[in-house]
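A short worksheet on the structure shown next.
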Amino acid sequence: MVFRRYESILAECIDAMHLGATVEDCLERYPQQANRLRPALLLAERVSQTPPAQVRPSAQAAGWKKIEKRLTELQSAKQPVMYVPSAIRGGNYMGWLKPVAISAIAILTVSAVGGGTVLAAQSAMPSSPLYRVKLAGEDVRVWFITDDTHKANVLLDQSRQRMEEINDTVKDGDAVPENALSAMEDRNRSAFEILQGQPENTELRARIISQAAEQEDRLLALWQEVPIDAHDSYAEVVAELHNTQLGGGTGAAVAALQPEELTGGILTISGQAQNTGGDQWQVGGVDVRIDDQTLNRTMLQAGASATVLVARSSNGRYHALNLTSIDVGSPSSAFVSGAVEEVTDDGVRIAGQWIPFDSDTLQTAAIRPGQKVSVVVKNTSNGVVAGQVSPSSANSNGPETLWFEGTIQGDISRATSRWTVSGLEFDITPSKGFDTRAGSAANGARVQIEAIANGNELLAQRVTVLSSKAPGDTSTIIGTFDGYISKQEGIWSISGLPVTASPDIPDEDDPPEGALIIADAHRQGNDLVVSAFTVVETPSGPSLVQVEGTILETHGSRWTLEIGQVHVPSTSKVIGKVESGKRVIVWGTRGDDGIIEGTVARILDDTPIVQVQSEPTPTQVPDVTGAAP
Amino acid sequence: MRAVAWSQTLTSLPKERKPDVVAQQATTDDDAVRKQAELNTEWELVRRAQSFDNDAIHELYEKYFPKIYNYAFMQMGDVQAAEDLASDVMLKMIESINKYTFRGLPFGAWVFRIARNRLIDLHRRRKRRGEVDLSETLSTALANPQALAERALERGQLQIALKHLTEEQRQVIVLKFIEGFDNRSVGRIMGRSEGAIKSLQHRALGALRRIIHPEDRY
């Protein structure tokens, strides 16, 4: 007898029912699976019999009116704007005629719409109907330029303008506009072609390479804002910019990055790099290919700590695009989340802390006072600036963020999309970064995973290795107490994660619904049991700011992090041993002196993971219970 | 008659036959011819629409607008939003129709792929703007999905239960069991293999069953 998987039998039965078979037909066919099949097939049948939602006739008619209008535009676009000689239309033409014909069409288009419209179009954004007129006007300008170097520079200026339009569109909360992206690509390509005719033009080459690097960085940072059906064309533009740099400015790299290598997403991995053979490396325990397509790869030495920008292919393999830094243990980024007190074009103030913007600051939505935002703060040569500003998940009714600390179980070095951490399975593919500076991500390592719960799945957003060897198999959960899944059975939900409260926690001590808590937990069979918790923030209490960073130095109760000082008084709750060089999460409010006053602090590391400049001896250091010594 | 044909086929076939062959045997010759004729008719319609033939486009619009509306409404629960999304998808369909190439798959699969991508983009955009995720409103409408009727599922009840599935499970349930696409088409819409869709439908039915009947093990 041939063994058939139940799943295969179920699929066959469902297909047969689509073709008219009944549930009973299937059960007769597979009597041994009947008990299992019956409820599934009955459910499938009931679902398929669900009456469809009825559309309002007025809505359908209104929609058709829009289609008719668009159809008229499309039908008239099929008619030639002007007579184009068949010598050009048919493709049987002398090559030099084509740009003349195209530019002539552009001139006629501009003339047809009128000078006033052209003027109005100059500030048009990609979503405006005048945007095409704007681009046509730029084409006209370029056509009249006879000097090739000047033409290339004008094209690069226009390309830069497209990038700014893309930035501004995303800043308003919209997706990356395909028309601006496509126009940027066209202009870049035209400039590259000019350079190919002038290989000795080092100044032009330098500009092309530098602008390609800026644009690639920006487009990679915007990856999440790209509509899914535009991913392929987006990946092509990014690959072309990357290959331009590899090829020294001409776009013709010997080893070219392929767009499909970008389809799985982009992330950064920070950690120690080890060569495992040829192009294969491990960065923080994660297999990464670093080869001729990796920019700056010659800087990498085995054993060095590095931050690598990596593309995930559709089969889950990691390929390094760029080696972005080589540094031995200095702090990279910090994070600040909280309500906006003030926002200008120059920066944002949260809990009294002013975080300036620079030209690279990425805003993924319009920001206004009172809104909760998350800011990635980075160190630059000009000091601390905002790298990225995004609306916080706390603004919407969507899933809350969950931080889960536990021990990695199993081998995760190979291309795998799922990690098991203290019995919980995480989908790693959405994550934007792996920080492995504290140790390799490997079986037995302790990690903190920032995730969101989606139905039954946990989607990782960031992964931080806390140590390469977990001290025990306890877990820590930081998240929002959603309420009870079953009060009687003591089953809680923390940011969508079901946990069991220990019977030692009296009911009256349960956290208030909506409170942010830090819970100690351990696995007991199939259950994750919470044995103790700390309330960080309650819905009725003051709204706190959350700062994640590295303790650079301590002066008593004043800690200096990347974003500045925080005050952690003896009355605050401190979990872990304070020491410079360790990472910390601090929750607090704005103090009277404008400095963040911590109420709860969680030290993430057991040992310092970064080297700091000085190590002043603290006169008073809060102990783990938060009481003064 | 079709069912009788299947059971007759079952008794005559040895059990060692591969499952695909058995499923195919369940299709009568009439079904195969009818299905092929439907595909050919639709392809002719699409070809005329690609030349911007008004009547052909109107026919496609009348066919797919209600389907896309139902698909969107099942997941968003908001009439206005579903109408807007259906209208957007129809516009995109017209604007991109020249990119469609017949490869033996229904034109509908291509249209639904546009719809799915639009839905995903809409959710992401609303999240970025801090707006309420429309699919979340369903959960407040009825907090206890287990209070669903034992027999036929009403649309509202199904919508609430769907809310508690993952996005992929939700897609499979709606595309496979409500819209009636086969595994291959569902795979093309979702960008997954046929094998993955078979697994997904198994898990999705199981999850749906646990929501509706938590006391049962599936």
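The values are calculated or read from the model by the stated rules, or taken from the named source; none is laboratory data. Everything quoted here is computed from the prediction, not taken from an experiment. All Cβ positions, glycine included, derive from the backbone under ideal geometry; neighbour counts span all protein chains shown.
Among the criteria (1) within 17 Å of A:T420 (Cβ to Cβ); (2) within 14 Å of another protein chain (Cβ to nearest Cβ), the one A:N454 does not fulfil is (1). Which number in (1) crowded, with 20+ Cβ neighbours inside 10 Å; (2) modelled with pLDDT under 90 marks the one condition that A:L41 misses? Here A:L41 clears every test but (2).
With the structure loaded, tell me whether A:V574 is assigned to a strand (DSSP E or B), aliphatic (A, V, I, L, M) and over 30 Å from the mean Cα position of the chain (by Cα) or whether it fails that test. Yes; evaluated as a whole, the condition is true for this residue.
Sort out which residues of the stretch A:15-27 are facing chain B (nearest Cβ under 7 Å), modelled with pLDDT of 85 or more and either in a helix (DSSP H, G or I) or under 19 Å from B:F181 (Cβ atoms) (or both), and write them in order of number. If the condition is that a residue be facing chain B (nearest Cβ under 7 Å), modelled with pLDDT of 85 or more and either in a helix (DSSP H, G or I) or under 19 Å from B:F181 (Cβ atoms) (or both), then A:D15, A:A16, A:A21, A:D25 are the ones that fit. Checking each residue in the stretch A:475-495 for being assigned to a loop (DSSP other than H, G, I, E, B) and touching a Ser or Thr at 6+ places or on another chain (Cβ under 9 Å) picks out A:E489, A:G490, A:S495. Only residues that are surrounded by fewer than 22 Cβ atoms within 10 Å (Cβ to Cβ) and more than 17 Å from B:L205 (Cα to Cα) were counted across the stretch A:3-24, and they come to 6.
Given the criteria in contact with a Pro (Cβ under 9 Å, 6 or more places away or on another chain), surrounded by fewer than 19 Cβ atoms within 10 Å (Cβ to Cβ) and not acidic (D, E), does A:I485 qualify? Considered against the rule, which asks whether it is in contact with a Pro (Cβ under 9 Å, 6 or more places away or on another chain), surrounded by fewer than 19 Cβ atoms within 10 Å (Cβ to Cβ) and not acidic (D, E), A:I485 comes out as yes.
Given the conditions (1) of a type in the set (G, A, S); (2) in contact with a Ser or Thr (Cβ under 8 Å, 6 or more places away or on another chain); (3) closer than 30 Å to B:M190 by Cβ; (4) in a helix (DSSP H, G or I), report the number of the one that A:A212 does not fulfil. Among (1) of a type in the set (G, A, S); (2) in contact with a Ser or Thr (Cβ under 8 Å, 6 or more places away or on another chain); (3) closer than 30 Å to B:M190 by Cβ; (4) in a helix (DSSP H, G or I), A:A212 violates only (3). A single entry from A:S531, A:S540, A:S502 fulfils the requirement of being under 26 Å from A:P391 (Cα atoms) and either among the hydroxyl-bearing types (S, T, Y) or surrounded by 14 or more Cβ atoms within 10 Å (Cβ to Cβ) (or both): A:S540.
The C-beta contact set for the stretch A:586-604 (first residue charged (D, E, K, R), second residue surrounded by 20 or more Cβ atoms within 10 Å (Cβ to Cβ), distance under 6 angstrom, 6+ apart or interchain) comprises A:R590/A:A351; A:E597/A:G588; A:R602/A:I585.
This table checks each residue for (1) in contact (Cβ under 8 Å) with a residue 60 or more places away in the chain; (2) closer than 26 Å to B:D121 by Cα; (3) within 16 Å of the chain's Cα centre (by Cα).
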| residue | (1), (2), (3) |
| --- | --- |
| B:D53 | no, no, no |
| B:Y61 | no, yes, no |
| B:P66 | no, yes, yes |
| B:N70 | yes, yes, yes |
| B:A86 | no, yes, yes |
| B:E95 | no, yes, no |
| B:F107 | yes, yes, yes |
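Candidates A:V612, A:V566, A:V578, A:V600: the one that is within 24 Å of A:G387 (Cβ to Cβ), at pLDDT 80 or above and either of a type outside the set (D, E, K, R) or out of contact with any Gly (no Cβ under 9 Å at 6 or more places or on another chain) (or both) is A:V566.
Against the definition (within 14 Å of chain B (Cβ to nearest Cβ) and either farther than 26 Å from B:L165 by Cβ or polar (S, T, N, Q) (or both)), how does A:Q461 come out, yes or no? Considered against the rule, which asks whether it is within 14 Å of chain B (Cβ to nearest Cβ) and either farther than 26 Å from B:L165 by Cβ or polar (S, T, N, Q) (or both), A:Q461 comes out as yes. Considering the stretch B:73-83, the residues that are more than 9 Å from chain A (Cβ to nearest Cβ) and in a helix (DSSP H, G or I) include one that is nearest to A:I67 (Cα to Cα), namely B:A81. Which condition number in (1) surrounded by fewer than 20 Cβ atoms within 10 Å (Cβ to Cβ); (2) modelled with pLDDT of 90 or more is the one that B:Q25 fails? Going through the list (1) surrounded by fewer than 20 Cβ atoms within 10 Å (Cβ to Cβ); (2) modelled with pLDDT of 90 or more, B:Q25 breaks only (2). Of the residues making up the stretch B:175-199, those that are buried (at least 23 other Cβ atoms within 10 Å of the Cβ), assigned to a helix (DSSP H, G or I) and more than 9 Å from chain A (Cβ to nearest Cβ) are B:L175, B:V186, B:I189.
Filtered by the rule that a residue be more than 25 Å from B:T166 (Cα to Cα) and free of Cβ contacts under 8 Å to residues at least 24 places away in the same chain, the stretch A:469-488 gives A:G472, A:Q488. Of all the residues in the stretch A:189-208, those that are surrounded by fewer than 14 Cβ atoms within 10 Å (Cβ to Cβ) and either in contact with a Leu (Cβ under 6 Å, 6 or more places away or on another chain) or not in a helix (DSSP H, G or I) (or both) number 3. The set of residues in the stretch B:28-61 being at the interface with chain A (Cβ under 8 Å from one of its Cβ atoms) and either at pLDDT 90 or above or under 19 Å from B:V89 (Cβ atoms) (or both) consists of B:F52, B:N54, B:I57, B:H58, B:Y61.
Considering the stretch B:84-97, and only residues there that are of a type outside the set (D, E) and over 17 Å from B:V46 (Cα atoms), the residue that is nearest to the other protein chains (Cβ to nearest Cβ) turns out to be B:S87.
Scan the stretch A:286-314 for residues that are more than 19 Å from the chain's Cα centre (by Cα), in contact (Cβ under 8 Å) with a residue 40 or more places away in the chain and within 11 Å of A:T324 (Cβ to Cβ) and the total you get is 1. Report yes if A:V133 is modelled with pLDDT under 85, under 20 Å from A:E240 (Cβ atoms) and surrounded by 18 or more Cβ atoms within 10 Å (Cβ to Cβ), otherwise no. No, not satisfied.
Filtering the stretch A:29-49 to residues that are touching a helix residue (DSSP H, G or I) at 6+ places or on another chain (Cβ under 8 Å) and either more than 7 Å from chain B (Cβ to nearest Cβ) or of a type in the set (S, T, Y) (or both) leaves A:Y30, A:Q33, A:A34, A:R36, A:L37, A:R38, A:L41, A:L42, A:E45, A:S48. Taking the criterion of being assigned to a strand (DSSP E or B) and of a type outside the set (S, T, Y), the residues of the stretch A:300-319 that qualify are A:A306, A:V308, A:L309, A:V310, A:A311, A:R312, A:H319.
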